[in-house]
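Visitor: Sharing a structure here in structure tokens format.
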Amino acid sequence: SQKIEQNSEALNIQEGKTATLTCNYTNYSPAYLQWYRQDPGRGPVFLLLIRENEKEKRKERLKVTFDTTLKQSLFHITASQPADSATYLCALASQNFVFGPGTRLSVLP
Amino acid sequence: DGGITQSPKYLFRKEGQNVTLSCEQNLNHDAMYWYRQDPGQGLRLIYYSQIVNDFQKGDIAEGYSVSREKKESFPLTVTSAQKNPTAFYLCASSPQGYGYTFGSGTRLTVV
């Protein structure tokens, strides 16, 4: 069956460190993958899109990798700040987008 | 300032009652979507529309209905047939092949 998993429900890291979030999928062949940020009680906000022929994408302190062999995407936030605390969702492009359950990141001062 | 407007922010439904959630966008996007979000679960697709006067069922369409009479508007009706409607409902739009723009959501509670 098709499945999208994000590494952990919650992740705590110290301010200034790099946060790494994982998105694994099975039985999908997405042409591209996206990452979103969601704050409590708000809609998700689009962050980055990476296509299947791209290994890596960067935007300011954010970096996304996409390994179609491992069926995995990694999302990195470097020099993390308490303001980065939120839930991060990955989404695969299938017939429509399919969202993972999210990882709640807490950056501790 | 372009975006998606969902209303109301909070909605209370009595047993057996139909309620309609509003979604309006001024981004000129062709595609619009309705998702449901429950605690600890990913967003689940209810209905989507790629073009005016056409819409398709998503993964959990039972108990819901939609219309797409205008490009800007995609209202969702939660009918009495939906047995567990308490959830956070999100509307989104997108140009083809790129990221979604989401509204701020409607929290529906059955009382």
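Visitor: Could you identify the single residue in B:Gln56, B:Gln41, B:Gln82, B:Gln96 that is in contact (Cβ under 8 Å) with a residue 40 or more places away in the chain and either loosely packed, with under 14 Cβ neighbours inside 10 Å or not aliphatic (A, V, I, L, M) (or both)?
Guide: None of the others qualify; the one that does is B:Gln96.
Visitor: Please work out which residue is nearest to the other protein chains (Cβ to nearest Cβ), limiting yourself to the range A:81-109 and to residues that are free of Cβ contacts under 8 Å to residues at least 60 places away in the same chain and open to solvent by less than 50 Å² (accessible area, probe 1.4 Å).
Guide: A:Asn96
Visitor: Hey, another quick one. So, in the range B:99-111, how many residues would count as being open to solvent by 10 Å² or more (accessible area, probe 1.4 Å), in contact with a Lys or Arg (Cβ under 8 Å, 6 or more places away or on another chain) and of a type outside the set (Val, Ile, Thr)?
Guide: 2
Visitor: Filter the range B:53-111 for residues that are within 14 Å of chain A (Cβ to nearest Cβ), in a loop (DSSP other than H, G, I, E, B) and small (Gly, Ala, Ser) and give the result.
Guide: B:Gly58, B:Ala61, B:Gly97, B:Gly99, B:Gly103, B:Ser104, B:Gly105
Visitor: May I pose another question? Answer yes if at least one residue in the range A:60-76 is surrounded by fewer than 19 Cβ atoms within 10 Å (Cβ to Cβ), of a type in the set (Gly, Ala, Ser) and either touching a Phe, Trp or Tyr at 6+ places or on another chain (Cβ under 9 Å) or assigned to a loop (DSSP other than H, G, I, E, B) (or both), and no otherwise.
Guide: Among the residues of the range A:60-76, not one is surrounded by fewer than 19 Cβ atoms within 10 Å (Cβ to Cβ), of a type in the set (Gly, Ala, Ser) and either touching a Phe, Trp or Tyr at 6+ places or on another chain (Cβ under 9 Å) or assigned to a loop (DSSP other than H, G, I, E, B) (or both), which makes the answer no.
The values are calculated or read from the model by the stated rules, or taken from the named source; none is laboratory data. Given the structure is predicted, the values throughout are model-derived calculations rather than measurements. Here the Cβ is made from the backbone with ideal geometry for all residues, glycine too, and neighbour counts use every protein chain on show. With ligands, DNA and RNA removed, areas are computed over all heavy atoms of the protein, side chains included. Shrake-Rupley method; radii C 1.70, N 1.55, O 1.52, S 1.80 Å.
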